[in-house]
1. Over 31 Å apart: what share of the alpha carbon pairs of the chain falls there, rounded to a whole percent?
2. Taking Rh as the Kirkwood radius, which is the inverse of the mean 1/r over Cα pairs, what is the Rg/Rh value for segment 139-225?
3. Could you pull out the pairs from K87/K210; K87/K197; K197/K266 whose alpha carbons sit more than 30 Å apart here?
4. When you count, for each residue, the other Cβ atoms within 10 Å and take the mean per peptide, how do 6-12, 252-258, 113-119 rank with the highest first?
5. By counting other Cβ atoms within 10 Å of each Cβ, how are T131, T242, T101 ranked from fewest to most?
6. Under 10 Å from the Cβ of I99, count the other residues' Cβ atoms, weight Lys and Arg +1, Asp and Glu -1, and hand me the total.
7. Using only DSSP helix segments of four residues or longer, with each worth -39500 (n - 2.57), what per-residue ellipticity at 222 nm results for the chain after dividing by its residue count and rounding to 500?
8. Are there GluC sites (Glu not before Pro) in segment 41-142 that DSSP marks as loop and that have at most 10 other Cβ atoms within 10 Å, and which are they?
Amino acid sequence: MKEYYLNFRGKPIPLQPVPVLMGILNITPDSFSDGGEFLDSGRAVDRGLQMAAEGSGIIDVGGESTRPGAQAVAADEQIRRVVPVIKELARQTEVPISIDTRLARVAESALDAGASMINDISALYFDPAMTPLAARVKVPVVLMHMKGDPENMQQAPQYDNVLADVMSFLARRIQYALDAGIPREMLVVDPGIGFGKNLEHNLTLIRFIKNFHRLGVPVLVGPSRKRFIGTILQMEEPQQRTFGTAAVVAWCAMAGVQIIRVHDVKEMIQVVRVLGSVAGTSHP
């Protein structure tokens with residue numbers, strides 16, 4: 001399998017042989033799993049530093065919930081939430097920081113504060129200003145598939161063939177980004193588990209996640225505590241889904257997924273490290 005590095009403003013980070021874990025830091029009152037838990041800036045910084053100490057390779061900071069049914073959050077409010085946290089994290093840790101947003105103003109403010117990656121769930125669709133920003137700043141950009149938007153994406157989503165449809169969409173967005181001047185080595189794709197997909201859609205994408213390597217860029221998967229795991233296990237509370245998440249993380253790691261986005265960094269780092277040792281691809 002091709003080896004990938006992501007260049008975070010002059011700091012190249014290898015994405016193999018063990019997947020990089022992207023730690024989730026939601027500075028929101030209404031995220032599906034940890035809404036309100038880190039809305040206080042001090043607590044958010046502490047959690048980010050904790051994830052860095054636990055082995056997170058990237059810290060993904062977001063100021064807008066994108067759970068099903070979530071309402072959009074204005075740029076000014078997102079900036080108010082995320083910028084102080086990003087500034088402090090950038091001062092205290094060398095772990096790269098990603099900004100999880102669809103809005104160019106938020107992304108630019110976060111990059112000015114010390115972030116070095118853009119995680120755009122709309123794959124550069126939502127805000128026309130995001131593409132020229134990404135082309136100019138030359139930082140890694142995540143292109144994610146989402147059907148609809150967070151407000152309506154789970155209203156009976158349908159596909160002709162979910163695997164083919166999602167791969168085709170991401171291939172088109174890669175070409176769009178390349179045509180706009182964003183280097184291929186700065187692109188990452190995410191099939192968007194839980195974003196406009198039902199249980200069978202999610203399971204199909206995960207089952208055949210190896211296929212996404214054909215797109216020729218690193219693959220990111222975000223299964224952490226998602227509803228499909230709760231449906232399988234009949235667990236309503238997202239915090240109870242750690243072991244279910246671990247199963248998906250292990251599957252993705254075995255399939256060569258380069259970045260896995262998780263809430264429980266400490267537990268999932270154990271999963272990927274032990275798996276890597278058993279497979280003979282890495283050692284503690």
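1. Numbers: 7398 of 40186 pairs.
Of all Cα-Cα pairs in the chain, 18 percent lie more than 31 Å apart.
2. 0.96
3. Numbers: K87/K210 36 Å; K87/K197 35 Å; K197/K266 28 Å.
Over 30 Å Cα-Cα: K87/K210; K87/K197.
4. Answer by packing, highest mean first, reads 113-119, 252-258, 6-12.
5. Going from sparsest to densest Cβ surroundings: T242, T131, T101.
6. Details: positive: none; negative: D60, D100, E108, D120.
Net of charged neighbours comes to -4.
7. When only DSSP H runs of four or more count, the value is -12500 deg cm²/dmol.
8. Details: sites: E54, E64, E77, E88, E94, E108; in loops: E64, E94.
The qualifying sites are E94.
Bear in mind that the values in this text are calculations on the coordinates, not laboratory data. These numbers were taken from a predicted model, which means no experiment stands behind them. So basically every Cβ, Gly included, is an ideal-geometry build from the backbone, and we count neighbours across all protein chains shown.
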